[in-house]
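Undergrad: The structure is given below, and queries will be raised subsequently.
The values are calculated or read from the model by the stated rules, or taken from the named source; none is laboratory data. As the structure is a computational prediction, the values presented were derived from the model and not from experiment. Quick reminder, even Gly has a Cβ in these numbers, built from the backbone with ideal geometry, and neighbours come from all protein chains shown. Heads up: the accessible areas ignore ligands, DNA and RNA and are worked out on the full protein's heavy atoms, side chains in. Shrake-Rupley method; radii C 1.70, N 1.55, O 1.52, S 1.80 Å.
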Amino acid sequence: MSSQPKLKLLFNREEIGATVSRLADEISQDYRSQHPLLIGVLKGSFVFMADLIRLLDFPLEVEFIRLSSYGRGRESSGKVKVVQGLRSPVKGRDVLIIEDIVDTGLTTVFLLDYLRRKKPASLKLCSLTDKPSRRQIPVTIDYLGFTVPNKFIVGYGIDWDEKFRYLPDIGYVEVED
Ligand code: PRP
């Protein structure tokens, strides 16, 4: 028999909105006069990025990079690849990475190293969620939304095997036989 995923709510859209607003305030305080380059990590960050930048009322630029470590499975392969690179120069820019989740940390550490070699003026990380229980390598998150439990987190851009990105709330998947 095939197992049916059940969805459990973690953060509803109002809680997400309040948290994105809080992050926007924190980022505004630090970057208002910096003309930063925000780099969203596809695909998971696209919903968060879209909401976040509309709360930032100062000049900034938006870029995306597509990285892959999970393929279509649910477990990280541990090998991070650049699937789609940047078009904007990073040298001398104040760069803020926008992530949806830091899990093992392998993707973030790869990206920080990849960007550092391009010599930005500064480099920081904003992640909507953090799953510290799964960390394999230390990561400093400069702007953090929510800490989440060791579950398959979905919604608000985050997928489970490419499913559930469209959900407006954040939840987790429980697989039952
Ligand atoms: C997710 C997420 C992060 C990464 C974090 O991306 O968006 O980039 O995993 O995992 P890690 O800390 O264990 O490296 P994923 O590879 O699932 O691609 P997606 O954003 O297209 O869903």
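Undergrad: Can you tell me the length gained on complete extension of the stretch Leu42 to Leu55, counting 0.36 nm per residue apart and subtracting the Cα distance?
TA: Separation in residues times 0.36 nm, less the Cα-Cα distance, equals 2.7 nm.
Undergrad: Let me ask another. Between Gly40 and residues 5 or more places away or on another chain, which pairs have amide H atoms under 5 Å apart, with H built 1.01 Å from N, and which residues are they?
TA: Distant-sequence amide H within range of Gly40: Glu63, Phe64, Ile65, Ile98.
Undergrad: Under 5 Å between amide hydrogens, which residues at least 5 positions from Leu10 or on another chain qualify, with H placed 1.01 Å from N in the peptide plane?
TA: Ile170, Gly171, Tyr172
Undergrad: Along its principal axes, what span do the Cα atoms of the chain show, with the longest given first and each in whole Å?
TA: 55, 35, 26
Undergrad: In nanometres, what is the gap between the two model label sites at Gln4 and Val109, each 7 Å from Cα along Cα-to-Cβ?
TA: The modelled label-to-label distance comes out at 4.1 nm.
Undergrad: What are the lysines whose alpha-carbon lies under 25 Å from the alpha-carbon of Lys119, with same-chain residues fewer than 8 places away excluded?
TA: The qualifying lysines are Lys43, Lys79, Lys81, Lys91.
Undergrad: What number comes out for accessible area per residue over the chain if the probe is 1.4 Å? Units Å², please.
TA: Ligands and nucleic acids excluded, the figure is 52 Å² per residue.
Undergrad: In addition: Apply the Karplus curve 6.51 cos²θ - 1.76 cosθ + 1.60, θ = phi - 60°, to the phi angles in segment 32-41 and return the couplings in whole Hz, x for Gly and Pro.
TA: Values, residue by residue: 3, 10, 9, 6, x, 10, 8, 10, x, 9 Hz.
Undergrad: What does the net charge come to around Ser127 if you take all other residues with beta carbon closer than 11 Å to its beta carbon, with K and R at +1 and D and E at -1?
TA: Overall, the nearby charge balance is -3.
Undergrad: Using a 1.4 angstrom probe on heavy atoms only, work out the carbon and sulfur share of the accessible area of the chain in %.
TA: It is 50 percent, rounded to a whole number.
Undergrad: Where does the charge balance sit around Lys151 when Lys and Arg score +1, Asp and Glu -1, over other residues with C-beta under 9 Å from its C-beta?
TA: With Lys, Arg at +1 and Asp, Glu at -1, the net is +1.
Undergrad: Here is a follow-up. So if I place +1 on the C-beta of Lys and Arg and -1 on the C-beta of Asp and Glu, and nothing else carries charge, what would the dipole magnitude of the chain be about its Cα centre? I want it in debye, nearest 20.
TA: Details: 26 positive and 24 negative charges, 162 e Å.
With Lys and Arg at +1 and Asp and Glu at -1, about 780 debye.
Undergrad: Mind grabbing the accessible area of Phe46 for me, 1.4 Å probe, Å², rounded to tens?
TA: My reading of the accessible area for Phe46 is about 100 Å².
Undergrad: OK, next. Going from most exposed to least, what order do Asp142, Asp94, Asp25 have by accessible area with a 1.4 Å probe?
TA: Asp25, Asp142, Asp94
Undergrad: Tell me the accessible surface of Glu15 in square angstrom (1.4 angstrom probe, heavy atoms of protein chains only), to the nearest ten.
TA: 80
Undergrad: Where in segment 84-99 is the amide nitrogen less than 20 Å from a point lying 7 Å along the Cα-to-Cβ axis of Ala121?
TA: Output list for this probe position: 87-98.
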